[in-house]
């Protein structure tokens, strides 16, 4: 069994078509078809059902693919064990949410780039639903996000850590120095919030509905840095992950409002179970504890 046939097979599964796999691997579509045919002949079974232009894995194909992914990962591990650790020169495509871009993601990206300057890093932001779709469509290597715990049999959780989302105001706001602030007092001020698809906003809205409180923000934006700038200008109160206040020079300009309420969210790193975990991905995962 040839290694390249496994790579071709796995690429077809990831991208969903023979033509896309051929384009990525630099083969003609005919060459890809021949490789799959040889693999099927060797295994004595069909790996794909071909209906018109669409393809899907057969039952045997699904079983074999799980083994193929493990084999490819084992080979990658074996190569890594005897290769120079500072010689990575591939690519890394990270999907994340806006609030992490200017906070917790900065440190591991900076450390990774310093150690592996030859790796090309691409960072894209989207909603949680958008990131999960990109994982399934193999548009990103992994997702770095905050949400309620995601339990999906198609996804592998590399890391999970609990965080908090809290109410934040300017240091000049009347509520900044108070203790035991009621939610009614919080919502007497203008609210500046992320868009509705942000996980912590959805949790807040759900909890407020249970308390009979309606949420009516005066300003909405996906850009959390913009929201923080408006809060520092005392334009209103926001509700954001507490990690956005860490290690910032502007931290003294804003304060967490002492309401006793917070939303439990989870920092998570996920990749698709069928994703071939590259040396670049493994190296980055090793930076996440920094």
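The values are calculated or read from the model by the stated rules, or taken from the named source; none is laboratory data. Owing to the predicted nature of the structure, the values given are computational and were not obtained by experimental measurement. Here the Cβ is made from the backbone with ideal geometry for all residues, glycine too, and neighbour counts use every protein chain on show.
When residue 143 is tested against the conditions (1) under 26 Å from residue 231 (Cβ atoms); (2) modelled with pLDDT of 95 or more; (3) part of a strand (DSSP E or B), the lone failure is (1).
Hey, any hits in region 66-73 for a residue that's without any contact (Cβ under 8 Å) to a residue 12 or more places away in the chain and crowded, with 19+ Cβ neighbours inside 10 Å? No: region 66-73 contains no residue that is without any contact (Cβ under 8 Å) to a residue 12 or more places away in the chain and crowded, with 19+ Cβ neighbours inside 10 Å. Can you name every residue in region 137-156 that is under 25 Å from residue 279 (Cβ atoms) and within 10 Å of the chain's Cα centre (by Cα)? Selection gives 140, 141, 142, 143, 144, 145.
Please find, within region 104-136, the residue that is surrounded by the most Cβ atoms within 10 Å (Cβ to Cβ) out of those that are within 13 Å of the chain's Cα centre (by Cα) and in a loop (DSSP other than H, G, I, E, B). The qualifying residue surrounded by the most Cβ atoms within 10 Å (Cβ to Cβ) is 104.
If you filter region 6-23 down to residues that are surrounded by fewer than 19 Cβ atoms within 10 Å (Cβ to Cβ) and in contact with a helix residue (DSSP H, G or I) (Cβ under 6 Å, 6 or more places away or on another chain), you find that the one that is farthest from residue 135 (Cα to Cα) is 19.
Kindly indicate which of 195, 214 is without any contact (Cβ under 8 Å) to a residue 24 or more places away in the chain, over 30 Å from residue 10 (Cβ atoms) and either buried (at least 18 other Cβ atoms within 10 Å of the Cβ) or touching a helix residue (DSSP H, G or I) at 6+ places or on another chain (Cβ under 8 Å) (or both). I'd like the intermediate steps shown before the answer.
Working: 195 fails: without any contact (Cβ under 8 Å) to a residue 24 or more places away in the chain.
Checking each option against the conditions leaves just 214.
Of all positions in region 266-283, none carries a residue that is outside the structural domain of residue 153 (by TED's automatic domain parsing) and in contact with a helix residue (DSSP H, G or I) (Cβ under 6 Å, 6 or more places away or on another chain). As a summary of the residue check, residue 38 satisfies the conditions (1) over 30 Å from residue 222 (Cβ atoms); (2) touching a helix residue (DSSP H, G or I) at 6+ places or on another chain (Cβ under 7 Å); (3) surrounded by 15 or more Cβ atoms within 10 Å (Cβ to Cβ) except for the one numbered (3).
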